[in-house]
Amino acid sequence: MILVVKSGGEAALPEWREHFAAFAPGLECRWWDDPALDPASVDFALVWDPEPGRLARMPRLRAIFGSGAGVDLIAADPDLPRHVPLVRCVPPEATQRMAEFVAWAVLSLNRDARRMAIAQARRAWDYFEAPFAAAEQTVGIMGLGAMGRRAAEVLRAIGVPVIGWSRTRKALAGVECFAGPDELTAFLARSQVLVCLLPATPETTGIIAAPLLARLPRGAGLVQAGRGAHQVLPDILAALDSGQLSGAVLDVFEPEPLPPDSPAWAHPRVIVTPHVGSLPSRRERARYVADCIARLGRGERLPNLYDPERGY
Ligand code: NDP
(Lines give C-alpha, C1' and ligand atoms only; values in the text may rest on other atoms or scores of the structure.)
Protein backbone atom coordinates (compact mmCIF):
# COMPACT_ATOMS: atom_id res chain seq x y z
CA MET A 1 0.00 0.00 0.00
CA ILE A 2 1.25 3.48 -0.82
CA LEU A 3 0.75 6.61 1.30
CA VAL A 4 1.63 9.90 -0.39
CA VAL A 5 2.64 12.69 2.00
CA LYS A 6 2.44 16.47 1.62
CA SER A 7 3.01 17.76 5.11
CA GLY A 8 6.04 19.41 6.63
CA GLY A 9 7.98 19.67 3.35
CA GLU A 10 10.08 17.01 1.64
CA ALA A 11 12.68 17.30 4.42
CA ALA A 12 10.16 15.75 6.82
CA LEU A 13 9.74 12.60 4.71
CA PRO A 14 12.48 10.55 6.45
CA GLU A 15 10.82 11.20 9.80
CA TRP A 16 7.36 10.26 8.48
CA ARG A 17 8.92 7.07 7.04
CA GLU A 18 10.53 6.20 10.35
CA HIS A 19 7.22 6.55 12.24
CA PHE A 20 5.14 4.73 9.64
CA ALA A 21 7.70 1.90 9.57
CA ALA A 22 7.02 1.49 13.30
CA PHE A 23 3.22 1.83 13.22
CA ALA A 24 2.28 0.48 9.77
CA PRO A 25 4.99 -1.85 8.49
CA GLY A 26 4.33 -2.59 4.84
CA LEU A 27 3.04 0.92 4.10
CA GLU A 28 5.26 2.63 1.55
CA CYS A 29 5.64 6.34 2.24
CA ARG A 30 6.25 8.56 -0.82
CA TRP A 31 6.70 12.31 -1.28
CA TRP A 32 3.86 14.24 -2.93
CA ASP A 33 6.04 15.59 -5.77
CA ASP A 34 8.06 12.41 -6.35
CA PRO A 35 8.38 12.39 -10.18
CA ALA A 36 8.61 8.59 -10.19
CA LEU A 37 5.29 8.19 -8.34
CA ASP A 38 2.36 6.93 -10.40
CA PRO A 39 -0.78 8.68 -9.03
CA ALA A 40 -2.80 5.59 -9.95
CA SER A 41 -0.82 3.56 -7.41
CA VAL A 42 -1.64 5.72 -4.37
CA ASP A 43 -3.92 4.23 -1.68
CA PHE A 44 -3.80 6.98 0.96
CA ALA A 45 -2.86 10.65 1.14
CA LEU A 46 -1.66 12.65 4.14
CA VAL A 47 -1.91 16.33 3.23
CA TRP A 48 -2.41 19.86 4.60
CA ASP A 49 -2.80 22.02 1.50
CA PRO A 50 -2.91 19.91 -1.67
CA GLU A 51 -3.02 21.73 -5.01
CA PRO A 52 -6.62 21.62 -6.31
CA GLY A 53 -7.21 18.72 -8.68
CA ARG A 54 -4.23 16.59 -7.61
CA LEU A 55 -6.17 14.20 -5.34
CA ALA A 56 -8.77 13.69 -8.08
CA ARG A 57 -6.01 12.19 -10.21
CA MET A 58 -5.48 9.36 -7.70
CA PRO A 59 -8.23 6.86 -8.64
CA ARG A 60 -7.23 4.21 -6.08
CA LEU A 61 -7.44 6.54 -3.04
CA ARG A 62 -9.20 4.88 -0.09
CA ALA A 63 -8.83 7.72 2.42
CA ILE A 64 -7.48 11.26 2.63
CA PHE A 65 -5.93 12.20 5.96
CA GLY A 66 -5.65 15.85 6.91
CA SER A 67 -2.38 16.51 8.72
CA GLY A 68 -4.28 18.82 11.09
CA ALA A 69 -7.68 18.94 12.76
CA GLY A 70 -8.98 21.59 10.35
CA VAL A 71 -9.25 20.31 6.77
CA ASP A 72 -10.62 23.50 5.18
CA LEU A 73 -7.66 23.81 2.77
CA ILE A 74 -8.34 20.27 1.50
CA ALA A 75 -12.12 20.63 1.38
CA ALA A 76 -11.71 23.84 -0.64
CA ASP A 77 -10.55 21.78 -3.64
CA PRO A 78 -13.49 21.90 -6.08
CA ASP A 79 -12.33 18.59 -7.59
CA LEU A 80 -11.95 16.80 -4.27
CA PRO A 81 -13.10 13.18 -4.76
CA ARG A 82 -16.17 13.35 -2.51
CA HIS A 83 -16.61 9.57 -2.32
CA VAL A 84 -13.25 9.22 -0.54
CA PRO A 85 -13.41 9.66 3.27
CA LEU A 86 -11.61 12.79 4.47
CA VAL A 87 -10.32 12.27 8.00
CA ARG A 88 -9.43 15.13 10.38
CA CYS A 89 -6.27 14.45 12.39
CA VAL A 90 -7.39 14.56 16.00
CA PRO A 91 -5.23 12.27 18.13
CA PRO A 92 -5.62 12.78 21.91
CA GLU A 93 -2.34 14.71 21.91
CA ALA A 94 -3.92 17.32 19.60
CA THR A 95 -6.79 18.20 21.92
CA GLN A 96 -4.50 18.24 24.95
CA ARG A 97 -2.02 20.58 23.25
CA MET A 98 -4.81 22.92 22.20
CA ALA A 99 -6.23 22.93 25.72
CA GLU A 100 -2.80 23.84 27.09
CA PHE A 101 -2.45 26.62 24.52
CA VAL A 102 -5.86 28.04 25.45
CA ALA A 103 -5.07 27.87 29.17
CA TRP A 104 -1.72 29.61 28.56
CA ALA A 105 -3.40 32.29 26.43
CA VAL A 106 -6.21 32.95 28.92
CA LEU A 107 -3.76 33.21 31.82
CA SER A 108 -1.48 35.44 29.73
CA LEU A 109 -4.38 37.82 29.20
CA ASN A 110 -5.32 37.69 32.88
CA ARG A 111 -1.73 38.51 33.88
CA ASP A 112 -1.10 40.94 30.99
CA ALA A 113 1.92 38.98 29.78
CA ARG A 114 2.26 41.30 26.78
CA ARG A 115 2.88 44.28 29.07
CA MET A 116 5.54 42.29 30.92
CA ALA A 117 7.27 41.29 27.66
CA ILE A 118 7.34 44.91 26.49
CA ALA A 119 8.78 46.04 29.83
CA GLN A 120 11.40 43.30 29.77
CA ALA A 121 12.54 44.33 26.29
CA ARG A 122 13.13 47.82 27.76
CA ARG A 123 14.82 46.37 30.91
CA ALA A 124 12.10 48.19 32.86
CA TRP A 125 10.91 46.99 36.32
CA ASP A 126 7.27 47.71 35.53
CA TYR A 127 5.62 46.52 38.76
CA PHE A 128 1.87 46.05 38.48
CA GLU A 129 -0.76 43.80 39.97
CA ALA A 130 -2.36 41.10 37.82
CA PRO A 131 -5.44 42.70 36.28
CA PHE A 132 -7.61 39.64 36.92
CA ALA A 133 -7.61 36.39 38.86
CA ALA A 134 -8.53 33.44 36.68
CA ALA A 135 -11.61 32.62 38.76
CA GLU A 136 -13.00 36.14 38.20
CA GLN A 137 -13.12 35.97 34.42
CA THR A 138 -15.70 33.84 32.61
CA VAL A 139 -14.25 32.27 29.49
CA GLY A 140 -16.66 31.75 26.60
CA ILE A 141 -15.59 29.08 24.14
CA MET A 142 -17.01 29.32 20.61
CA GLY A 143 -16.93 25.78 19.23
CA LEU A 144 -17.42 22.84 21.58
CA GLY A 145 -15.94 20.14 19.37
CA ALA A 146 -12.90 17.99 20.08
CA MET A 147 -10.74 21.06 20.80
CA GLY A 148 -13.27 23.20 22.63
CA ARG A 149 -14.42 20.43 24.96
CA ARG A 150 -10.90 19.58 26.15
CA ALA A 151 -10.06 23.27 26.54
CA ALA A 152 -13.17 23.66 28.72
CA GLU A 153 -12.13 20.71 30.90
CA VAL A 154 -8.60 22.04 31.44
CA LEU A 155 -9.82 25.58 32.23
CA ARG A 156 -12.39 24.20 34.67
CA ALA A 157 -9.64 22.20 36.38
CA ILE A 158 -7.77 25.42 37.23
CA GLY A 159 -10.87 27.14 38.54
CA VAL A 160 -11.89 29.17 35.51
CA PRO A 161 -15.66 29.64 34.97
CA VAL A 162 -16.45 28.41 31.45
CA ILE A 163 -19.44 28.79 29.14
CA GLY A 164 -19.67 27.51 25.57
CA TRP A 165 -21.44 28.01 22.26
CA SER A 166 -21.91 25.56 19.41
CA ARG A 167 -24.24 24.87 16.50
CA THR A 168 -26.11 22.07 18.28
CA ARG A 169 -26.61 22.07 22.04
CA LYS A 170 -24.06 20.26 24.18
CA ALA A 171 -24.21 18.99 27.77
CA LEU A 172 -20.84 19.43 29.48
CA ALA A 173 -20.28 19.10 33.21
CA GLY A 174 -19.81 22.51 34.82
CA VAL A 175 -20.17 24.39 31.52
CA GLU A 176 -23.28 26.38 30.65
CA CYS A 177 -23.91 25.65 26.99
CA PHE A 178 -25.48 27.99 24.44
CA ALA A 179 -26.44 26.94 20.91
CA GLY A 180 -27.18 28.50 17.56
CA PRO A 181 -27.43 32.07 16.30
CA ASP A 182 -30.37 32.89 18.61
CA GLU A 183 -28.26 32.37 21.74
CA LEU A 184 -25.06 33.99 20.48
CA THR A 185 -25.78 37.43 21.96
CA ALA A 186 -26.51 36.01 25.44
CA PHE A 187 -23.34 33.94 25.24
CA LEU A 188 -21.18 36.89 24.16
CA ALA A 189 -22.57 39.15 26.89
CA ARG A 190 -21.16 36.75 29.49
CA SER A 191 -17.78 36.05 27.78
CA GLN A 192 -15.12 38.11 29.56
CA VAL A 193 -12.54 36.19 27.57
CA LEU A 194 -13.75 34.90 24.21
CA VAL A 195 -11.98 31.83 22.80
CA CYS A 196 -12.58 30.90 19.15
CA LEU A 197 -12.23 27.21 18.32
CA LEU A 198 -14.65 27.12 15.41
CA PRO A 199 -13.97 25.46 12.06
CA ALA A 200 -13.75 27.62 8.93
CA THR A 201 -17.09 27.38 7.10
CA PRO A 202 -19.20 29.87 5.13
CA GLU A 203 -21.23 30.50 8.33
CA THR A 204 -18.20 31.26 10.49
CA THR A 205 -16.19 33.30 7.97
CA GLY A 206 -15.70 36.84 9.26
CA ILE A 207 -17.58 36.12 12.50
CA ILE A 208 -15.01 37.93 14.69
CA ALA A 209 -15.78 41.43 13.45
CA ALA A 210 -17.04 44.71 14.92
CA PRO A 211 -20.69 43.61 15.45
CA LEU A 212 -19.63 40.55 17.47
CA LEU A 213 -16.91 42.38 19.40
CA ALA A 214 -19.39 45.10 20.39
CA ARG A 215 -21.56 42.47 22.13
CA LEU A 216 -18.74 41.38 24.48
CA PRO A 217 -18.40 42.96 27.93
CA ARG A 218 -16.21 46.08 27.74
CA GLY A 219 -12.54 45.21 28.23
CA ALA A 220 -12.95 41.55 27.21
CA GLY A 221 -10.01 39.41 26.13
CA LEU A 222 -9.84 37.45 22.88
CA VAL A 223 -8.08 34.17 22.12
CA GLN A 224 -8.30 33.28 18.45
CA ALA A 225 -7.05 29.77 17.62
CA GLY A 226 -9.62 28.76 14.98
CA ARG A 227 -8.80 29.98 11.49
CA GLY A 228 -7.68 33.33 10.09
CA ALA A 229 -10.80 33.47 7.94
CA HIS A 230 -12.88 33.96 11.10
CA GLN A 231 -11.50 37.37 11.88
CA VAL A 232 -11.53 40.88 10.49
CA LEU A 233 -8.16 41.97 11.84
CA PRO A 234 -8.71 45.75 11.51
CA ASP A 235 -11.90 45.39 13.59
CA ILE A 236 -9.99 43.54 16.32
CA LEU A 237 -7.26 46.19 16.38
CA ALA A 238 -9.87 48.98 16.48
CA ALA A 239 -11.61 47.26 19.42
CA LEU A 240 -8.26 47.04 21.23
CA ASP A 241 -7.56 50.71 20.59
CA SER A 242 -10.99 51.77 21.85
CA GLY A 243 -10.76 49.63 25.00
CA GLN A 244 -13.65 47.37 23.96
CA LEU A 245 -11.01 44.61 24.01
CA SER A 246 -8.26 44.69 26.63
CA GLY A 247 -5.97 42.16 24.95
CA ALA A 248 -5.78 39.46 22.32
CA VAL A 249 -3.81 36.32 21.63
CA LEU A 250 -3.97 35.65 17.90
CA ASP A 251 -2.65 32.33 16.59
CA VAL A 252 -4.22 32.23 13.13
CA PHE A 253 -4.23 34.75 10.31
CA GLU A 254 -5.16 35.24 6.73
CA PRO A 255 -2.78 35.16 4.98
CA GLU A 256 -0.22 33.06 6.79
CA PRO A 257 2.54 33.80 7.47
CA LEU A 258 1.32 37.13 8.85
CA PRO A 259 2.99 39.77 6.60
CA PRO A 260 5.88 41.69 8.24
CA ASP A 261 4.02 45.00 7.80
CA SER A 262 0.90 43.87 9.69
CA PRO A 263 0.06 46.25 12.56
CA ALA A 264 -0.72 43.20 14.71
CA TRP A 265 3.00 42.45 15.21
CA ALA A 266 3.79 45.58 17.18
CA HIS A 267 0.43 46.22 18.80
CA PRO A 268 1.00 46.62 22.55
CA ARG A 269 -2.07 44.57 23.43
CA VAL A 270 -1.62 41.70 20.98
CA ILE A 271 0.33 38.49 21.43
CA VAL A 272 1.01 36.97 18.00
CA THR A 273 1.73 33.24 17.79
CA PRO A 274 2.49 31.53 14.45
CA HIS A 275 -0.36 28.98 14.18
CA VAL A 276 1.07 26.76 16.89
CA GLY A 277 -2.07 26.26 18.98
CA SER A 278 -2.00 22.54 18.49
CA LEU A 279 0.53 20.68 16.41
CA PRO A 280 0.80 17.08 17.54
CA SER A 281 4.16 15.40 16.92
CA ARG A 282 4.66 13.57 13.62
CA ARG A 283 4.97 10.41 15.66
CA GLU A 284 1.48 10.85 17.15
CA ARG A 285 -0.02 11.79 13.81
CA ALA A 286 1.59 8.77 12.12
CA ARG A 287 0.26 6.54 14.90
CA TYR A 288 -3.25 7.99 14.38
CA VAL A 289 -3.14 7.56 10.58
CA ALA A 290 -1.79 4.01 10.92
CA ASP A 291 -4.61 3.22 13.34
CA CYS A 292 -7.18 4.58 10.87
CA ILE A 293 -5.69 2.49 8.04
CA ALA A 294 -5.89 -0.60 10.25
CA ARG A 295 -9.54 0.22 11.03
CA LEU A 296 -10.28 0.51 7.32
CA GLY A 297 -8.70 -2.89 6.83
CA ARG A 298 -11.07 -4.31 9.44
CA GLY A 299 -14.04 -2.62 7.78
CA GLU A 300 -14.59 -0.31 10.76
CA ARG A 301 -15.89 3.26 10.66
CA LEU A 302 -13.23 5.97 10.72
CA PRO A 303 -13.19 8.65 13.47
CA ASN A 304 -13.35 12.43 12.94
CA LEU A 305 -14.72 12.31 9.40
CA TYR A 306 -15.24 15.59 7.56
CA ASP A 307 -18.93 16.02 6.77
CA PRO A 308 -19.48 17.85 3.44
CA GLU A 309 -23.08 18.66 4.43
CA ARG A 310 -22.00 20.55 7.59
CA GLY A 311 -18.80 21.84 5.99
CA TYR A 312 -16.56 20.71 8.86
P1 NDP B 1 -14.95 19.94 15.61
O2 NDP B 1 -15.51 19.74 14.25
O3 NDP B 1 -14.79 18.77 16.51
O4 NDP B 1 -15.82 21.04 16.40
C5 NDP B 1 -16.29 22.21 15.80
C6 NDP B 1 -17.21 22.92 16.78
O7 NDP B 1 -17.64 24.15 16.19
C8 NDP B 1 -18.48 22.10 17.08
O9 NDP B 1 -18.84 22.25 18.43
C10 NDP B 1 -19.52 22.76 16.17
O11 NDP B 1 -20.85 22.64 16.62
C12 NDP B 1 -19.06 24.20 16.23
N13 NDP B 1 -19.60 24.94 15.07
C14 NDP B 1 -19.38 24.72 13.76
N15 NDP B 1 -20.07 25.60 13.01
C16 NDP B 1 -20.74 26.40 13.88
C17 NDP B 1 -21.63 27.49 13.72
N18 NDP B 1 -21.99 27.95 12.51
N19 NDP B 1 -22.13 28.07 14.83
C20 NDP B 1 -21.80 27.61 16.06
N21 NDP B 1 -20.96 26.57 16.29
C22 NDP B 1 -20.44 25.98 15.20
O23 NDP B 1 -13.54 20.66 15.39
P24 NDP B 1 -12.27 20.67 16.38
O25 NDP B 1 -12.71 21.03 17.73
O26 NDP B 1 -11.46 19.45 16.19
O27 NDP B 1 -11.42 21.87 15.73
C28 NDP B 1 -12.00 23.16 15.62
C29 NDP B 1 -11.13 24.05 14.79
O30 NDP B 1 -9.96 24.41 15.47
C31 NDP B 1 -10.59 23.42 13.48
O32 NDP B 1 -11.55 23.37 12.48
C33 NDP B 1 -9.47 24.36 13.15
O34 NDP B 1 -10.01 25.44 12.40
C35 NDP B 1 -9.01 24.85 14.52
N36 NDP B 1 -7.70 24.32 14.86
C37 NDP B 1 -6.66 25.19 15.03
C38 NDP B 1 -5.41 24.74 15.37
C39 NDP B 1 -4.30 25.69 15.65
O40 NDP B 1 -3.15 25.25 15.76
N41 NDP B 1 -4.58 26.97 15.81
C42 NDP B 1 -5.13 23.30 15.49
C43 NDP B 1 -6.29 22.47 15.35
C44 NDP B 1 -7.52 22.96 15.02
P45 NDP B 1 -21.55 21.19 16.76
O46 NDP B 1 -20.91 20.58 17.99
O47 NDP B 1 -22.97 21.50 16.97
O48 NDP B 1 -21.25 20.42 15.51
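The values are calculated or read from the model by the stated rules, or taken from the named source; none is laboratory data. Since the model is a prediction, treat every value here as computed from it, not as a measurement. Note that we place each Cβ from the backbone using ideal geometry, even for glycine, and neighbour counts take in every protein chain shown. To get the accessible areas, we keep the full protein, side chains included, count just its heavy atoms, and leave off ligands, DNA and RNA. Shrake-Rupley method; radii C 1.70, N 1.55, O 1.52, S 1.80 Å.
For the chain, the convex hull spanned by the alpha carbon atoms encloses 152 Å³ per residue.
Ignoring ligands, DNA and RNA, what percent of the accessible area of the stretch 179-312 is carbon or sulfur (1.4 Å)?
On the way: 3400 of 6040 Å².
Of all accessible area on the stretch 179-312, carbon and sulfur atoms account for 56 percent.
For the stretch 5-45, the set of trypsin sites (Lys or Arg not before Pro) satisfying both a DSSP loop assignment and a count of at most 14 other C-beta atoms within 10 Å is empty. About the centre of its Cα atoms, the stretch 173-312 shows a dipole size close to 520 debye [charges on the beta carbon of Lys, Arg (+1) and Asp, Glu (-1) only; nearest 20 debye].
Dipole of the stretch 93-272 computed with +1 at Lys/Arg Cβ and -1 at Asp/Glu Cβ about the Cα centre; of Val252, Ala134, Ile163, farthest Cα towards the positive end is Ala134.
In the chain the longest region clear of GluC sites (Glu not before Pro) that are loop-assigned by DSSP and have at most 14 other C-beta atoms within 10 Å covers 1-128. Applying a DSSP loop filter and a limit of 13 other Cβ atoms within 10 Å to the trypsin sites (Lys or Arg not before Pro) in the stretch 163-223 leaves Arg169, Arg218. In summary, the stretch 257-312 shows an alpha-carbon radius of gyration equal to 1.83 times the 2.2 N^0.38 Å reference for compact globular proteins.
For the pair Arg60 and Ala22, a Förster radius of 22 Å applied to the C-beta separation gives a FRET efficiency near 0.35, rounded to the nearest 0.05.
Per residue, what accessible area does the chain have, given a 1.4 Å probe and all protein chains present, in Å²?
Working: 14640 Å² over 312 residues.
Per-residue value: 47 Å².
Mean residue ellipticity at 222 nm, helices only, the chain: -9000 deg cm²/dmol; runs of at least 4 DSSP H residues each add -39,500 (n - 2.57), and the sum is divided by the number of residues. The loop-placed trypsin sites (Lys or Arg not before Pro) in the stretch 63-111, going by DSSP, that have at most 14 neighbouring Cβ atoms within 10 Å of their Cβ come out as Arg82.
Taking the Cα centre of the stretch 93-272 as origin and charging only Cβ (+1 Lys, Arg; -1 Asp, Glu), how large is the dipole, in debye to the nearest 20? Numbers along the way, then the final one.
Details: 17 positive and 17 negative charges, 58 e Å.
Its charge dipole is roughly 280 debye.
Most simply put, the stretch 93-272 has about 5% antiparallel DSSP beta bridges, counting only bridges with both residues inside it.
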